[in-house]
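Heads up, the thing below is written out as structure tokens.
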Amino acid sequence: MKKRVRRESLIGEGEVDLTPLIDCVFLLLIFFMVTTVFIEVQGLVVDLPSEAEAQEEQQQKKDVNILITATGEFTVAGTPVQASGLAAAIKGAMDEANNRNVIIQGDPAALHKNIVYAMDMATGVGAEQLAFAIEQLEGEEQ
């Protein structure tokens, strides 16, 4: 008489077989990978100047400096100017310097109205950016 060997399942009772589930997830992964459309992102086309052009442009540009003394006298690019001719002097200095940036340096004792007047004149003749500078004395902290 032959003995029948009873095979027992590798999976015990009450346990779930995850192999079909893993196969299903793997097939879904492959499906989505195959059907995905990869869009090529278009960027901006930028025409950058060469290094020589950039250096030449920087050498040509100089900031326009306006100095205001405590007594209300104006100096544009090293030339003393009356308040009535300030706008024309700033415009001429900006054209000569090939730059629309203006730096206003006022004496600490200068009146605010003179500084605001210089700002108004500079923006009125086309200054793009205004900056303020102060002269720091030795021993002073910022």
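Listed values, structure above:
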item: Any chance LYS91 is among the charged types (D, E, K, R), in a loop (DSSP other than H, G, I, E, B) and free of Cβ contacts under 8 Å to residues at least 40 places away in the same chain; result: no
item: Close pairs from segment 128-141: first at pLDDT below 65, partner of a type in the set (Phe, Trp, Tyr) and surrounded by 10 or more Cβ atoms within 10 Å (Cβ to Cβ), Cβ under 9 Å, at least 6 apart; result: none
item: Selection count where residues are surrounded by fewer than 14 Cβ atoms within 10 Å (Cβ to Cβ), aliphatic (A, V, I, L, M) and under 30 Å from the mean Cα position of the chain (by Cα), scope segment 87-125; result: 1
item: Filter result for ASN114 (polar (S, T, N, Q), assigned to a helix (DSSP H, G or I) and either at pLDDT below 85 or touching a Gly at 6+ places or on another chain (Cβ under 6 Å) (or both)); result: yes
item: Residue ID - surrounded by the most Cβ atoms within 10 Å (Cβ to Cβ), chosen from residues in segment 44-70 that are assigned to a loop (DSSP other than H, G, I, E, B) and either at pLDDT 90 or above or of a type in the set (Gly, Ala, Ser) (or both); result: ALA70
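The values are calculated or read from the model by the stated rules, or taken from the named source; none is laboratory data. The structure displayed is predicted, hence computed values, not measured ones. No Cβ is skipped: glycine too gets one built from the backbone with ideal geometry, and neighbour counts run over all protein chains shown.
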